[in-house]
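Here is the structure we will look at.
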Amino acid sequence: METVFFPIQKAGSASDGTEQATQIPVDSKTENSDLKKNVDSIFSTAEISDQSSLETKILLDWHPAGATRQTLVGATRQKLVEINVAEWWPGQDYRIPVRLIVPLEGKSQGFHITGTEELESLSKDFKPNAFEAKLLANGVSLVMTGIKALNTIPGKQALKQ
């Protein structure tokens, strides 16, 4: 039996009286689960899993970044893409930039997703801070997304009306 964890949380009380949130497992094979029906009415797992729906555009292909001549500390491979996350209405896609930052050598063992409102910063090679450098050193890649309010995106201010 396959169990899928959705980001739905149930509040409960801990022994010390504080509120606790826990994930509720949803059996992906059970069609008559009230919780599964609720989740399926919000999300389409098949659509979410379909990579082609992202309509990925490569803005800057894989390249080494962060290395200096003296050292490879902080050296990474980076790629900048733009993905389609929604069609708000026919003909109006909502696309966001995504910067992928991976260790210079080897394969990723996982990833950390984070974001920024400063879309301009995604167009430049990313320099990891101390925490992010530790993640990269241990094989954890970084995925940086950029999301802004509509009225702050150049050329998209009219969409808010």
- Query: Is it the case that some residue within segment 118-130 is in a strand (DSSP E or B), touching a helix residue (DSSP H, G or I) at 6+ places or on another chain (Cβ under 7 Å) and surrounded by 14 or more Cβ atoms within 10 Å (Cβ to Cβ)?
  - Reply: no
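Using the structure shown, decide if residue 83 is in contact (Cβ under 8 Å) with a residue 24 or more places away in the chain and within 25 Å of residue 47 (Cα to Cα).
Numbers: in contact (Cβ under 8 Å) with a residue 24 or more places away in the chain: yes; within 25 Å of residue 47 (Cα to Cα): yes.
Criteria met by residue 83.
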- Message: I'd like to know if segment 80-96 contains one or more residues that are of a type in the set (Asp, Glu), surrounded by 10 or more Cβ atoms within 10 Å (Cβ to Cβ) and modelled with pLDDT of 90 or more.
- Response: yes
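The values are calculated or read from the model by the stated rules, or taken from the named source; none is laboratory data. Here the structure is a predicted model, which is why all the values come from computation and not from measurement. For neighbour counting, all protein chains shown are included, and Cβ atoms are generated from backbone atoms with ideal geometry for every residue, glycine included.
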